[in-house]
Amino acid sequence: MSANNLKSMKSPKKLSTYLGWAFAVAGVLILLVAPTILTQYYVYLLATVFTTALLASSLNLVLGNGGLLHLHHGVFFGVGAYTVAIVMTKTSWPFAVAILLAPMVASLIALVIGWFCVRLRGLYFGMLTLALGQLVWAIVYRWNALTNGDNGIHAIPVPESLSSINSVYYTTLLVLIISLIILYMITKSPFGITLLATRDNPVRSESIGINVKSHRLIAFVIAGFFAGIAGVLFVLVERSVAPSLLFWNKSAEILIMCLMGGLTVFMGPTLGAGILVLLSMIVGLYTEYWLLVLGLLLLILVLFLPQGILGYLMESYDKRRSMRGEN
Amino acid sequence: MLQVKQLKKAFDGFQAIADANLSVPKGEVVAVIGPNGAGKSTLFNLITGHLQADSGHIQFQSQEITNLPPYKICHKGMARSFQLINIFSSLTVFENVQTSVLAQQRLDRNFFTPSRRLLIDETLEVLEIFGLLELKDRPCKSLSYGDQKVLEIAIALGSKPKLLLLDEPTAGMSSEETRKIVTLIKKLSQEKGLTILITEHDMELVFDVAQKIMVLHQGTTIAQGLPEDIRNDKSVQNAYLGEAG
């Protein structure tokens, strides 16, 4: 077969790709006008959703695409937030330094923790992320001089231009969109496909020339970097940090968000973050037992929707199309 | 091209490989045969770095590769297929081979070029050799067992190897599928000039494709030579008959 014939074998773009982009553009347009309609409280809530969505999406690079049982991603989020808090309250460095430093410190911690963890597999990998993450939490909790211990750091100064909730809203939205685009590009890049391969079959990956451990470590560090950015957004929204940010139950919540939206769909964790943040607010109006509701949700999820909400929708969409005999 | 000398490997006191010796000349098809449990797969796993040898040497293109990690050995020009199907289950047929081509070209750390634009022709070329073009956009899970076995070998060829190791490429296949594999092996050897090392139960196939045969019995190389010499070798006959009796 000639080269020309081979070229004609290239796959056409799927309709679902265009549909996905249409949904994304429509969603962004709605979010752009939302603050003009909503009350301040809901604007604040949406900014929290954006922050959490970035955090969950960064976790999913390792969890969904890498297939690694990363149980303590909240640590990198917390480290990012604390970096901003400490720079802004303990030094006279400008804000720009704080927001640049935060993702870098977060990815450095990810490099150290990941370096140990990628040597292990499956549940052992997970247990080590948990153990080393709790170690970081303990340091933050105990190092009074630097972190104020269990009091946390409050009233963190931010630039004048970021003082109104609307400007915070648009900043978090913009950062979320840019970060999601970069993360999406990474998942579609050779690095991303190779990451899927190491998830599906690490043994085979090694034998086609992939250094699985270092590939996983790089994914881990990238995830830590974006969690650090989410940490910066958290400080913009809340203006305060506390050690509970780095406690393991926060990480469990992020994990559930990914599961809820769907690990195999790029926007899954974003959807999961939206649902869980809004739901915890609504449940919070009626009862203090949010964790009980969360537990029940998790039960329903793993029993009836193991592929997640968006994962389920995509699956049934594909099924209906193939039944109609389309591509 | 490949030299294995006095290789030893034990699992919990069981000597799986006691004294394996093998020499694979460039451009030839060499077969490793032996009764079940003779250590053929273990030998393969030692050569490709999936297992660590206790002692002995493995040299590839005059370089010592004993106990190197598999990914380094692959980059030196040695690729393998597995006895059990070992593919990337969530990827399409195309992506399965493309991943291998990407890794071979050391593009697996490229972050920002969409992979659907990279090494398309190289990947399609491999798929064409294996007759997988029609199936290329199918999820590989949906393929028949026989086609998955073919894909298994196609992934290995994506690494553009100089030496290709095939671990029981026809295990569990119908006779028609087996014939297809035989044609493929001959094509790879004659047209692509590949050096091939193969283990196989099917003696008809072995004597059909191999220019040289090594016999492994209880982890020890008991004979190595031309197919007709092996056929007439007393110790080989004893090894096989001993098992049958």
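Roughly how many whole Å is it from the C-alpha centroid of segment A:277-301 to that of segment B:140-181?
Taking the Cα centre of each part, segment A:277-301 and segment B:140-181 sit 50 Å apart.
May I ask for the distance between the Cα centers of segment B:212-237 and segment A:128-187, given as a whole number of Å?
Measuring centre to centre over Cα atoms gives 67 Å.
Counting alpha carbon pairs within less than 8 Å and at least 6 residues apart, what relative contact order, in whole percent, applies to chain B?
On the way: 444 pairs, mean separation 68.9, N = 245.
With pairs under 8 Å counted, the relative contact order is 28 percent.
So for the pair A:I182, A:S16, with labels modelled 7 Å out along Cα→Cβ, what separation do we get in nm?
Result: 2.8 nm between the two label points.
Please compute the length gained on full extension between A:L279 and A:L32, using 0.36 nm multiplied by the number of residues separating them and subtracting their Cα-Cα distance. Kindly include the intermediate steps, with their values, before the conclusion.
Working: separation 247, 0.36 × 247 = 88.92 nm, distance 2.22 nm.
The span from A:L279 to A:L32 would gain 86.7 nm if fully extended.
Give the residues of segment A:226-257 whose amide nitrogen is closer than 18 Å to a point set 7 Å from the Cα of A:N151 in the direction of its Cβ.
Hits in segment A:226-257 for A:N151 at 18 Å: A:239-245.
Averaging sequence separations of C-alpha pairs under 8 Å and six or more residues apart, then dividing by the length of segment B:88-135, give the relative contact order as a whole percent. Don't skip to the end; give the middle numbers.
Details: 20 pairs, mean separation 22.1, N = 48.
46 percent.
For B:V4, A:V49, what's the fewest-to-most ordering of other Cβ within 10 Å of each Cβ? Working shown, then result.
Values: B:V4 25, A:V49 22.
Lowest count first: A:V49, B:V4.
Shape call for segment A:15-120 from the C-alpha gyration tensor, a ≥ b ≥ c root eigenvalues: rounded (a/c under 1.5), prolate (a/b greater than b/c) or oblate?
Working: a/c = 2.58, a/b = 1.21, b/c = 2.14.
Oblate, since a/c reaches 1.5 and b/c is not below a/b.
Within 10 Å of each Cβ in A:180-191, how many Cβ atoms from other chains are there, averaged over the peptide? Mind dumping the intermediate values first?
Working: counts 0, 0, 2, 0, 0, 4, 2, 1, 5, 11, 18, 9.
Mean partner-chain Cβ count within 10 Å for A:180-191: 4.
Find the relative contact order for segment A:40-247 and round it to a whole percent, using C-alpha pairs within less than 8 Å whose residues are 6+ positions apart. Display every interim value, and only then the final one.
Details: 305 pairs, mean separation 95.7, N = 208.
Reported as a whole number, the value is 46 percent.
When A:S316, B:S159 are ordered from fewest to most other Cβ atoms inside 10 Å of their Cβ, what list results?
Values: A:S316 10, B:S159 24.
The order, fewest Cβ neighbours first, is A:S316, B:S159.
Quick one: which of A:268-276, A:32-40, A:151-159 comes out on top by average Cβ neighbours within 10 Å, and what's the full order, highest first? Numbers along the way, then the final one.
Values: A:268-276: 24.6, A:32-40: 11.9, A:151-159: 14.1.
Answer by packing, highest mean first, reads A:268-276, A:151-159, A:32-40.
How would you classify segment B:85-160 from its alpha-carbon gyration tensor, with a ≥ b ≥ c the square roots of the eigenvalues: rounded for a/c under 1.5, else prolate if a/b is greater than b/c, otherwise oblate? Walk me through the numbers on the way to the answer.
Details: a/c = 1.75, a/b = 1.63, b/c = 1.08.
The shape class here is prolate.
5 Å is the cut-off here: which amide hydrogens, built 1.01 Å from N in the peptide plane, fall below it relative to B:T221, excluding neighbours closer than 5 in sequence?
Sorted by chain and number, the residues that satisfy this are B:D19, B:A20, B:N21.
Quick check: convex hull of the Cα atoms in chain B, volume per residue, rounded to a whole Å³?
Details: hull volume 32.1 nm³, N = 245.
Dividing the Cα hull volume of chain B by its residue count gives 131 Å³.
Taking chain A as a Gaussian network, where each spring joins two C-alpha atoms under 10 Å apart, which residue of A:Y82, A:Y170, A:Y289 fluctuates the most?
Of the options given, A:Y289 has the highest mean-square fluctuation.
Please give the average number of partner chain Cβ atoms lying within 10 Å of the Cβ of each residue in B:62-75, rounded to a whole number. The partial results should precede the final answer.
On the way: counts 0, 0, 0, 0, 0, 0, 0, 5, 10, 11, 3, 3, 5, 4.
Shielding by partners across B:62-75 averages 3.
Longest span of chain B, sites excluded, free of chymotrypsin sites (Phe, Trp or Tyr not before Pro) in DSSP loop with at most 15 other C-beta atoms within 10 Å?
Values: sites that count: B:F111, B:F112.
The longest such stretch corresponds to B:113-245.
Using amide H atoms built in the peptide plane, which far-off residues or other-chain residues are under 5 Å from B:H201 H to H?
Amide H neighbours of B:H201, under 5 Å, 5+ apart: none.
Mind pulling the angle between the C-alpha long axis of helix A:15-37 and the longest principal axis of chain A? Nearest 10 degrees, somewhere in 0 to 90.
Taking the Cα atoms of chain A, the angle to A:15-37 is about 20 degrees.
Enumerate the amide H contacts of B:T66 below 5 Å, restricted to partners 5 or more residues apart or on another chain; note that Pro and chain-start residues carry no placed amide H.
For B:T66, whose amide H was placed from the backbone, the distant partners under 5 Å are B:I58.
Explain nothing, just compute: Karplus ³J(HN,Hα) = 6.51 cos²θ - 1.76 cosθ + 1.60, θ = phi - 60°, for every residue of segment A:183-191 in order, whole Hz, x for Gly and Pro.
Per-residue couplings from phi come out as 4, 5, 4, 5, 5, 8, 7, x, 4 Hz.
Output the 0 to 90 degree angle, nearest 10, between the alpha-carbon long axis of helix A:74-90 and the longest principal axis computed from the alpha carbons of chain A.
Tilt relative to chain A: about 40 degrees.
With the alpha-carbon atoms as the only input, what is the per residue convex hull volume for the protein assembly as shown in Å³?
On the way: hull volume 108.8 nm³, N = 572.
Each residue corresponds to 190 Å³ of Cα convex hull volume.
Calculate the mean, over all residues of peptide B:94-105, of how many other protein chain Cβ atoms lie within 10 angstrom of the residue's Cβ. Don't jump to the answer; show the numbers that get you there.
Working: counts 3, 3, 6, 1, 4, 13, 8, 2, 9, 11, 2, 2.
Partner-chain Cβ atoms within 10 Å, mean over residues of B:94-105: 5.
Any idea what % of Cα-Cα pairs in chain A are farther than 35 Å? Provide the component values of the computation, followed by the final result.
Details: 12106 of 53301 pairs.
Of all Cα-Cα pairs in chain A, 23 percent lie more than 35 Å apart.
Each reported figure results from applying straightforward, stated rules to the coordinates on display, with no laboratory input. A quick note: this is a predicted structure, and the numbers were derived from the prediction, not measured. No Cβ is skipped: glycine too gets one built from the backbone with ideal geometry, and neighbour counts run over all protein chains shown.
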